[in-house]
Amino acid sequence: MSLSTRVIAALGAVVVIGAGTLGGSIAYAASQPAPVKSKATVTIGRSSTALSPNPTCYNGGKPLDTAGRQACAQLSNQPAGTFPKLSIKSSDQIGVGLDPNSAKNGWRAVTNGGNSQSGAVVSNFQKDNTFSGLQSAANVLTTNRDTALTIIEFDPNSPAGSASQGIIAVWFVDLVNSAAPVASPQDASQGQDPSQGQ
(Lines give C-alpha, C1' and ligand atoms only; values in the text may rest on other atoms or scores of the structure.)
Protein backbone atom coordinates (compact mmCIF):
# COMPACT_ATOMS: atom_id res chain seq x y z
CA MET A 1 0.00 0.00 0.00
CA SER A 2 1.53 3.30 -1.00
CA LEU A 3 0.78 6.73 0.34
CA SER A 4 -0.25 9.43 -2.08
CA THR A 5 1.88 12.50 -2.58
CA ARG A 6 -0.77 14.66 -0.92
CA VAL A 7 -0.82 12.53 2.27
CA ILE A 8 3.00 12.59 2.48
CA ALA A 9 3.03 16.38 1.98
CA ALA A 10 0.32 16.85 4.64
CA LEU A 11 2.19 14.68 7.16
CA GLY A 12 5.39 16.58 6.41
CA ALA A 13 3.63 19.90 7.02
CA VAL A 14 2.23 18.68 10.35
CA VAL A 15 5.70 17.56 11.47
CA VAL A 16 7.29 20.88 10.47
CA ILE A 17 4.55 22.96 12.14
CA GLY A 18 4.67 20.80 15.27
CA ALA A 19 8.45 21.07 15.52
CA GLY A 20 8.27 24.82 14.98
CA THR A 21 5.60 25.21 17.66
CA LEU A 22 7.55 23.09 20.15
CA GLY A 23 10.77 24.97 19.44
CA GLY A 24 9.02 28.32 19.83
CA SER A 25 7.41 27.21 23.06
CA ILE A 26 10.73 26.10 24.50
CA ALA A 27 12.36 29.38 23.50
CA TYR A 28 9.47 31.36 25.00
CA ALA A 29 9.57 29.40 28.26
CA ALA A 30 13.34 29.68 28.51
CA SER A 31 13.24 33.48 28.37
CA GLN A 32 10.63 33.79 31.14
CA PRO A 33 11.63 34.39 34.75
CA ALA A 34 11.19 31.50 37.15
CA PRO A 35 7.69 31.48 38.62
CA VAL A 36 7.32 32.78 42.16
CA LYS A 37 6.95 29.81 44.45
CA SER A 38 5.99 31.68 47.62
CA LYS A 39 2.28 32.45 47.86
CA ALA A 40 0.23 33.92 50.70
CA THR A 41 -3.51 34.19 51.25
CA VAL A 42 -5.53 36.31 53.67
CA THR A 43 -8.95 35.04 54.72
CA ILE A 44 -11.47 37.58 55.99
CA GLY A 45 -14.81 36.12 56.95
CA ARG A 46 -15.66 33.62 54.23
CA SER A 47 -13.55 35.24 51.49
CA SER A 48 -9.95 34.38 50.76
CA THR A 49 -7.70 36.73 48.82
CA ALA A 50 -4.51 35.47 47.23
CA LEU A 51 -1.92 38.21 47.54
CA SER A 52 -0.30 39.49 44.36
CA PRO A 53 1.79 36.98 42.48
CA ASN A 54 4.93 38.49 43.97
CA PRO A 55 5.70 39.08 47.63
CA THR A 56 6.63 42.68 48.50
CA CYS A 57 10.18 41.54 49.32
CA TYR A 58 11.49 38.53 47.40
CA ASN A 59 14.81 37.30 46.01
CA GLY A 60 13.77 34.53 43.64
CA GLY A 61 13.30 32.00 46.44
CA LYS A 62 16.72 32.66 47.97
CA PRO A 63 17.18 34.38 51.35
CA LEU A 64 17.25 38.17 51.24
CA ASP A 65 20.79 39.49 51.49
CA THR A 66 21.69 42.39 53.79
CA ALA A 67 20.79 45.01 51.18
CA GLY A 68 17.47 43.25 50.48
CA ARG A 69 16.62 43.14 54.19
CA GLN A 70 17.45 46.82 54.56
CA ALA A 71 15.32 47.72 51.54
CA CYS A 72 12.47 45.63 52.93
CA ALA A 73 12.80 47.33 56.33
CA GLN A 74 12.55 50.70 54.55
CA LEU A 75 9.39 49.53 52.79
CA SER A 76 7.86 48.51 56.10
CA ASN A 77 7.84 52.18 57.12
CA GLN A 78 5.80 53.35 54.14
CA PRO A 79 2.58 55.24 54.96
CA ALA A 80 -0.78 53.48 55.08
CA GLY A 81 -2.28 52.91 51.65
CA THR A 82 1.02 51.98 49.99
CA PHE A 83 0.37 48.24 49.87
CA PRO A 84 -2.57 46.13 48.67
CA LYS A 85 -5.71 46.93 50.65
CA LEU A 86 -8.25 44.53 52.09
CA SER A 87 -11.47 45.75 53.69
CA ILE A 88 -12.24 44.35 57.11
CA LYS A 89 -14.61 44.96 60.02
CA SER A 90 -13.79 44.32 63.65
CA SER A 91 -16.64 41.78 63.68
CA ASP A 92 -14.94 39.69 60.95
CA GLN A 93 -12.73 36.66 61.44
CA ILE A 94 -9.22 36.79 59.94
CA GLY A 95 -6.64 34.15 59.10
CA VAL A 96 -3.47 33.87 57.03
CA GLY A 97 -2.22 30.99 54.91
CA LEU A 98 0.88 30.08 52.94
CA ASP A 99 1.39 27.51 50.20
CA PRO A 100 2.66 24.12 51.45
CA ASN A 101 6.26 24.63 50.28
CA SER A 102 6.52 28.02 52.00
CA ALA A 103 4.87 26.65 55.14
CA LYS A 104 7.59 23.97 55.34
CA ASN A 105 10.14 26.78 55.67
CA GLY A 106 8.46 28.39 58.67
CA TRP A 107 6.46 31.61 58.80
CA ARG A 108 4.61 34.10 60.97
CA ALA A 109 2.10 36.94 60.55
CA VAL A 110 1.66 40.07 62.67
CA THR A 111 -0.14 43.39 62.56
CA ASN A 112 1.75 46.65 63.12
CA GLY A 113 4.92 44.88 64.14
CA GLY A 114 3.27 42.47 66.54
CA ASN A 115 4.14 44.36 69.68
CA SER A 116 1.43 44.52 72.31
CA GLN A 117 1.02 48.32 72.27
CA SER A 118 0.14 48.86 68.62
CA GLY A 119 -0.14 45.45 67.03
CA ALA A 120 -0.86 41.80 67.52
CA VAL A 121 0.23 38.35 66.44
CA VAL A 122 -2.03 36.81 63.79
CA SER A 123 0.10 33.68 63.64
CA ASN A 124 3.03 32.77 65.86
CA PHE A 125 5.97 31.05 64.19
CA GLN A 126 4.66 27.97 62.41
CA LYS A 127 6.34 25.27 60.41
CA ASP A 128 4.43 22.94 58.08
CA ASN A 129 1.01 24.43 59.00
CA THR A 130 -0.46 26.14 55.96
CA PHE A 131 -3.15 28.14 57.78
CA SER A 132 -3.10 30.18 60.98
CA GLY A 133 -6.71 29.44 61.85
CA LEU A 134 -9.35 32.14 62.17
CA GLN A 135 -9.50 34.65 64.99
CA SER A 136 -11.54 37.73 65.70
CA ALA A 137 -10.31 40.72 63.72
CA ALA A 138 -11.05 42.85 66.79
CA ASN A 139 -8.03 41.15 68.42
CA VAL A 140 -5.58 42.16 65.69
CA LEU A 141 -6.85 45.50 64.36
CA THR A 142 -5.71 48.83 65.75
CA THR A 143 -8.18 51.48 66.85
CA ASN A 144 -7.38 53.41 63.67
CA ARG A 145 -8.74 52.74 60.20
CA ASP A 146 -5.49 51.30 58.79
CA THR A 147 -3.71 48.30 60.24
CA ALA A 148 -0.57 46.88 58.60
CA LEU A 149 -0.41 43.10 58.19
CA THR A 150 3.05 41.58 57.68
CA ILE A 151 3.58 37.97 56.62
CA ILE A 152 7.14 36.59 56.72
CA GLU A 153 8.44 33.34 55.23
CA PHE A 154 11.72 32.31 56.86
CA ASP A 155 14.78 30.55 55.51
CA PRO A 156 14.78 27.00 56.93
CA ASN A 157 18.58 26.83 56.66
CA SER A 158 19.25 29.59 59.19
CA PRO A 159 18.99 29.44 62.98
CA ALA A 160 15.33 29.75 63.99
CA GLY A 161 14.50 32.55 66.38
CA SER A 162 17.80 34.36 65.95
CA ALA A 163 18.10 37.99 64.91
CA SER A 164 20.01 36.76 61.88
CA GLN A 165 17.34 34.31 60.75
CA GLY A 166 17.10 34.40 56.98
CA ILE A 167 14.00 35.65 55.22
CA ILE A 168 12.71 34.21 51.93
CA ALA A 169 9.65 36.41 51.37
CA VAL A 170 7.68 39.23 52.99
CA TRP A 171 4.18 40.45 52.17
CA PHE A 172 2.79 43.78 53.43
CA VAL A 173 -0.98 44.31 53.33
CA ASP A 174 -3.11 47.23 54.52
CA LEU A 175 -6.20 46.10 56.42
CA VAL A 176 -8.79 48.89 56.14
CA ASN A 177 -11.53 49.15 58.76
CA SER A 178 -13.76 51.91 57.36
CA ALA A 179 -15.70 52.12 60.65
CA ALA A 180 -12.56 53.29 62.51
CA PRO A 181 -11.03 56.81 62.39
CA VAL A 182 -8.10 57.68 60.12
CA ALA A 183 -4.78 57.70 61.99
CA SER A 184 -2.79 60.86 62.54
CA PRO A 185 0.58 60.95 60.69
CA GLN A 186 2.54 60.00 63.82
CA ASP A 187 0.31 56.93 64.27
CA ALA A 188 0.94 55.70 60.74
CA SER A 189 3.65 53.16 61.59
CA GLN A 190 3.50 50.33 59.10
CA GLY A 191 4.43 46.66 59.14
CA GLN A 192 7.00 44.67 61.02
CA ASP A 193 10.58 45.39 60.13
CA PRO A 194 11.51 41.99 58.66
CA SER A 195 14.96 42.19 60.22
CA GLN A 196 13.25 41.69 63.61
CA GLY A 197 12.88 37.99 62.77
CA GLN A 198 10.41 35.85 64.67
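Computed quantities for the displayed model
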item	result
When residues of the range 31-80 are limited to those that are over 10 Å from the mean Cα position of the chain (by Cα), among the charged types (D, E, K, R) and under 25 Å from residue 119 (Cα atoms), the one surrounded by the fewest Cβ atoms within 10 Å (Cβ to Cβ)	46
Verdict on residue 82 being more than 20 Å from residue 165 (Cα to Cα) and not in a loop (DSSP other than H, G, I, E, B)	no
Residue match in the range 92-109 (condition: more than 14 Å from the chain's Cα centre (by Cα) and more than 22 Å from residue 176 (Cα to Cα))	yes
Of all residues in the range 110-141 being hydrophobic (A, V, I, L, M, F, W, C) and open to solvent by 20 Å² or more (accessible area, probe 1.4 Å), the one that is nearest to residue 177 (Cα to Cα)	141
Residue within the range 81-89 that is of a type in the set (S, T, N, Q), out of contact with any Leu (no Cβ under 6 Å at 6 or more places or on another chain) and modelled with pLDDT of 95 or more present	yes
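The values are calculated or read from the model by the stated rules, or taken from the named source; none is laboratory data. Model, not experiment: these values are computed from the prediction. Note: ideal-geometry Cβ built from the backbone for every residue, glycine included; neighbour counts use all protein chains shown. Side chains included, ligands, DNA and RNA excluded: accessible areas come from the protein's heavy atoms. Shrake-Rupley method; radii C 1.70, N 1.55, O 1.52, S 1.80 Å.
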